[in-house]
Amino acid sequence: MCSSDLPVSAQELLSAKASLQGEYVIQRQTFAAQAGEWAALATYGLKPEDSQNYLEQLEAVQAEEIQQVAQKYLDTERYWLGVVQGGENPKLS
(Lines give C-alpha, C1' and ligand atoms only; values in the text may rest on other atoms or scores of the structure.)
Protein backbone atom coordinates (compact mmCIF):
# COMPACT_ATOMS: atom_id res chain seq x y z
CA MET A 1 0.00 0.00 0.00
CA CYS A 2 1.32 3.40 -1.00
CA SER A 3 1.53 6.01 1.75
CA SER A 4 -0.83 8.26 -0.25
CA ASP A 5 -3.41 5.45 -0.02
CA LEU A 6 -3.41 5.45 3.79
CA PRO A 7 -6.37 7.30 5.26
CA VAL A 8 -5.83 10.39 7.38
CA SER A 9 -7.00 9.69 10.91
CA ALA A 10 -9.21 12.11 12.79
CA GLN A 11 -6.41 12.64 15.33
CA GLU A 12 -3.86 13.43 12.59
CA LEU A 13 -6.23 15.93 11.04
CA LEU A 14 -6.96 17.63 14.37
CA SER A 15 -3.27 17.78 15.22
CA ALA A 16 -2.30 19.24 11.84
CA LYS A 17 -5.04 21.86 12.01
CA ALA A 18 -4.09 22.85 15.55
CA SER A 19 -0.44 23.19 14.53
CA LEU A 20 -1.25 25.38 11.52
CA GLN A 21 -3.69 27.50 13.52
CA GLY A 22 -1.09 28.06 16.24
CA GLU A 23 1.61 29.00 13.74
CA TYR A 24 -0.75 31.42 12.02
CA VAL A 25 -1.63 33.21 15.25
CA ILE A 26 1.98 33.38 16.44
CA GLN A 27 3.21 34.73 13.10
CA ARG A 28 0.72 37.60 13.23
CA GLN A 29 1.55 38.85 16.74
CA THR A 30 3.38 42.03 15.75
CA PHE A 31 2.14 45.02 13.78
CA ALA A 32 5.09 44.56 11.43
CA ALA A 33 4.06 40.98 10.68
CA GLN A 34 0.48 42.05 10.06
CA ALA A 35 1.62 44.85 7.76
CA GLY A 36 3.82 42.38 5.87
CA GLU A 37 0.89 40.03 5.45
CA TRP A 38 -1.31 42.85 4.13
CA ALA A 39 1.44 43.87 1.70
CA ALA A 40 1.69 40.29 0.43
CA LEU A 41 -2.08 40.12 0.02
CA ALA A 42 -2.06 43.37 -1.95
CA THR A 43 0.77 42.07 -4.13
CA TYR A 44 -1.38 39.11 -5.14
CA GLY A 45 -4.51 41.20 -5.62
CA LEU A 46 -6.22 39.88 -2.50
CA LYS A 47 -8.17 41.81 0.12
CA PRO A 48 -7.27 42.01 3.83
CA GLU A 49 -10.44 40.04 4.57
CA ASP A 50 -8.96 37.10 2.68
CA SER A 51 -6.46 36.72 5.50
CA GLN A 52 -9.29 36.47 8.02
CA ASN A 53 -10.82 33.62 6.04
CA TYR A 54 -7.72 31.46 6.37
CA LEU A 55 -8.64 29.92 9.71
CA GLU A 56 -12.20 29.23 8.54
CA GLN A 57 -10.90 27.60 5.36
CA LEU A 58 -8.40 25.56 7.33
CA GLU A 59 -11.11 24.33 9.68
CA ALA A 60 -13.23 23.26 6.70
CA VAL A 61 -10.55 20.93 5.27
CA GLN A 62 -11.68 17.30 5.33
CA ALA A 63 -9.57 14.15 5.52
CA GLU A 64 -10.91 13.04 2.13
CA GLU A 65 -9.57 16.22 0.50
CA ILE A 66 -6.12 15.58 1.93
CA GLN A 67 -6.32 12.02 0.62
CA GLN A 68 -7.18 13.26 -2.87
CA VAL A 69 -4.27 15.73 -2.90
CA ALA A 70 -1.85 13.08 -1.63
CA GLN A 71 -2.93 10.65 -4.34
CA LYS A 72 -2.53 13.34 -6.98
CA TYR A 73 0.88 14.73 -5.94
CA LEU A 74 2.71 12.09 -3.89
CA ASP A 75 4.27 9.40 -6.04
CA THR A 76 6.40 6.78 -4.31
CA GLU A 77 7.94 5.85 -7.64
CA ARG A 78 9.29 9.37 -8.23
CA TYR A 79 10.84 11.17 -5.31
CA TRP A 80 14.07 12.70 -4.08
CA LEU A 81 15.65 11.49 -0.90
CA GLY A 82 18.09 13.71 0.94
CA VAL A 83 20.23 12.36 3.74
CA VAL A 84 21.96 14.63 6.20
CA GLN A 85 24.75 13.06 8.15
CA GLY A 86 26.55 14.61 11.06
CA GLY A 87 30.24 15.04 11.06
CA GLU A 88 32.80 16.06 13.55
CA ASN A 89 32.16 19.40 15.17
CA PRO A 90 34.74 21.96 14.13
CA LYS A 91 36.68 23.43 16.99
CA LEU A 92 35.83 27.02 17.72
CA SER A 93 38.87 29.19 18.06
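The values are calculated or read from the model by the stated rules, or taken from the named source; none is laboratory data. This structure is a prediction, so every number in the text was calculated from the model and none was measured. Reconstructed Cβ throughout: ideal geometry from the backbone, glycine too, with neighbour counts over all protein chains shown. These area figures cover heavy atoms from the full protein model, side chains too; ligands, DNA and RNA do not enter into them. Shrake-Rupley method; radii C 1.70, N 1.55, O 1.52, S 1.80 Å.
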message: Tell me yes or no: at least one residue of the stretch 59-76 is under 28 Å from TYR24 (Cβ atoms), in contact (Cβ under 8 Å) with a residue 24 or more places away in the chain and among the charged types (D, E, K, R).
response: yes
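Residues are listed down the side, and each one gets a yes or a no for (1) open to solvent by less than 100 Å² (accessible area, probe 1.4 Å); (2) under 29 Å from LEU14 (Cβ atoms); (3) more than 15 Å from the chain's Cα centre (by Cα):
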{"residue": "ARG28", "(1), (2), (3)": "yes, yes, yes"}
{"residue": "ALA32", "(1), (2), (3)": "yes, no, yes"}
{"residue": "ALA40", "(1), (2), (3)": "yes, yes, yes"}
{"residue": "THR43", "(1), (2), (3)": "no, no, yes"}
{"residue": "PRO48", "(1), (2), (3)": "yes, yes, yes"}
{"residue": "GLN57", "(1), (2), (3)": "no, yes, no"}
{"residue": "TYR79", "(1), (2), (3)": "no, yes, yes"}
{"residue": "GLY82", "(1), (2), (3)": "yes, no, yes"}
{"residue": "GLN85", "(1), (2), (3)": "no, no, yes"}
- request: Scan the helices (runs of 4 or more DSSP H) fully inside the stretch 1-65 and keep the ones with 3 or more residues being under 30 Å from THR76 (Cβ atoms) and modelled with pLDDT of 90 or more.
  value: 10-27, 48-60
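Results for (1) in contact with a helix residue (DSSP H, G or I) (Cβ under 8 Å, 6 or more places away or on another chain); (2) among the hydroxyl-bearing types (Ser, Thr, Tyr); (3) touching a residue at least 60 places away in the same chain (Cβ under 8 Å), shown as yes or no for each residue.
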{"residue": "PRO7", "(1), (2), (3)": "yes, no, yes"}
{"residue": "LYS17", "(1), (2), (3)": "yes, no, no"}
{"residue": "TYR24", "(1), (2), (3)": "yes, yes, no"}
{"residue": "GLN27", "(1), (2), (3)": "yes, no, no"}
{"residue": "ALA32", "(1), (2), (3)": "no, no, no"}
{"residue": "ALA35", "(1), (2), (3)": "no, no, no"}
